[in-house]
Amino acid sequence: MTTVRDTGSAVTDDITISTSAASNGSLIALPSLADQRARHARRVKLSLVTLRLVADGVLLVAAFIVAYTMRYVLELGRDVVAPESYLPLSAFSTYIVAFTAMTLLAFQLRGLYSLPRGASWFDQMRIIAGATLLSVAALTLGALFFNPVLPSRMLFLFLWFVTIAIFSIERFAYRGLRVWLWRHGINVRRTIVVGSGVAGQRIMKDIVEHPELGYQMEGYVTDSSDSPGSVEWRVPIKHKDELKRLGGLKDVRRIIEQRELHEVIVALPATHHSQILGIIDSCREYGADFKLVPDLFEMRFNEVRIDALNDVPLIGVKDVALRGFNLIVKRVLDIVLTLVMLAVAGIPMLIIAVLIKVTSPGPVLFRQIRVGKNSEPFVCFKFRTMYKDAEDRKEALRAQNEAIGPMFKIKNDPRRTSVGKVLRRTSLDELPNLFNIFLGEMSWVGPRPPTPDEASQYNEWHRKRLEVTPGLTGLWQVSGRSDLTFEEMVKLDLYYAENWSLALDTKILLKTVPAVLKREGAY
């Protein structure tokens, strides 16, 4: 065998020539460097998934053993009195294998192993709880029909609870470890953003300001000369120095190769169709993941309805999901949760009212006209956080408005009282909204209620957000609050209106707690 090395290129490739083949004039070449990288990326992904399956399989076996111990050793629930009712652990070997296999299969089919890198603990546990319930139910039916000696039914109940408990702890610890590693630059994904429009700027902001997402921003690619300090850069970014322009669209392939990227995020308008296809080919060639950020028009309809007419696919716009029975369910839950919260927050609300009254002149509650569902106005109640002449001073401060779009926001608003600053930062000023929720004017989760002045400036597509009852919290609350632009807030509201579900409401409510505690975007 003879090895020939080509040193005429920046990247050296080894080409192996078979002596027997050389006599016939044919060459047998090793895979190119791009192919090697792509194969290596696929092997790494496969190894990680396999490792995850093995680890989850071990946890499932452990869950069965713990459930068995609870039922047959500790005899929780009810004593195992009759000797014939006692079964050794070895008698459950078939059950353990079947439970582990069915649950892992359910995890895979329900997408647990294909969740995005930044998927929340709630997203994972929702899938785990549902998949485990299905496998436990199948195991119970199998025992009922095919096993002459029926095990204790309490065992299967324990198995479901124990599995959820073990995986909830494991997933919480695992995610905490990953976030710690990402914050310290370990196992991060090298990525670039292609496009410097508003969507691209928003992605860059999230990457450089949130290292816990696990990305390392290598830079961005754009044909324009816009930079984070230019007027065209509409999204404010704290760490501007981390954003480097690496070249134009024609340079994407070279950048992927030189920087050995893990992921390429494209935020280009749909008019750049040919360039996007070229970037996809480059990502496939070098084993980098490709992600596309839809432009503004596509973001309005990020969930579509697909029908068929005589086998011809038709794509339509998804309608608002909060109608009919869904609306009744949401309203009942709003009332129940509000009554519980009023009982819990009654005394704190009384204390806040006293503090407001004794620290500044004026009423305790601030009453403001807001626009609700179907553009109906209503009186929104909040604790007063500003001096009583705040509205009269608004026009004088108009030039200091930091919000983009028909909103008025000033981070260090001079009209706030000392108590009001604390209430705003902790969101306690919104507690009187509970009365609006009880009256049906608001909901726990929904779009932010605009003022009449803001609503009068809406474009036609903005008005779709008024088809849903406004909420105390929403996707806008857990996605940046006041740091979001108006356009971004509307997109989130439309997504919520078109994709409402109890699971989505629960997820938003759970994510509101850390969002409020971190106080990001609250002022």
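The values are calculated or read from the model by the stated rules, or taken from the named source; none is laboratory data. All figures in this text were calculated on a predicted structure; none of them were measured in a lab. Neighbour counts run over all protein chains shown; Cβ positions are idealised from the backbone, glycine included.
Here are some notes:
- Subset of segment 233-288 [surrounded by 15 or more Cβ atoms within 10 Å (Cβ to Cβ), among the hydrophobic types (A, V, I, L, M, F, W, C) and more than 30 Å from Val44 (Cβ to Cβ)]: Trp233, Val235, Ile237
- Segment 451-461, subset assigned to a loop (DSSP other than H, G, I, E, B) and surrounded by fewer than 19 Cβ atoms within 10 Å (Cβ to Cβ), residue modelled with the lowest pLDDT: Glu460
- Test: residue in segment 318-334 that is at negative phi, among the β-branched types (Val, Ile, Thr), assigned to a loop (DSSP other than H, G, I, E, B) and not assigned by TED's automatic domain parsing to the domain that holds Thr506: yes
Quick grid of which residues meet (1) at pLDDT below 85; (2) surrounded by 21 or more Cβ atoms within 10 Å (Cβ to Cβ); (3) outside the structural domain of Ile369 (by TED's automatic domain parsing):
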{"residue": "Arg463", "(1), (2), (3)": "yes, no, no"}
{"residue": "Val468", "(1), (2), (3)": "no, yes, no"}
{"residue": "Gly471", "(1), (2), (3)": "no, yes, no"}
{"residue": "Gln477", "(1), (2), (3)": "yes, yes, no"}
{"residue": "Ser482", "(1), (2), (3)": "yes, no, no"}
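- Of residues in segment 328-361 being within 23 Å of Asn412 (Cα to Cα) and touching a Phe, Trp or Tyr at 6+ places or on another chain (Cβ under 7 Å), the one surrounded by the fewest Cβ atoms within 10 Å (Cβ to Cβ): Ser360
- Scanning segment 428-450 for residues that are more than 11 Å from Met349 (Cβ to Cβ) and in a loop (DSSP other than H, G, I, E, B) yields Leu439, Gly440, Glu441, Met442, Gly446, Pro447, Arg448, Pro449, Pro450.
- Some residue of segment 155-165 being of a type outside the set (A, V, I, L, M, F, W, C) and modelled with pLDDT of 90 or more: yes
- Members of segment 379-402 that are assigned to a strand (DSSP E or B) and either touching a Lys or Arg at 6+ places or on another chain (Cβ under 6 Å) or modelled with pLDDT under 85 (or both): Val379, Cys380, Met386
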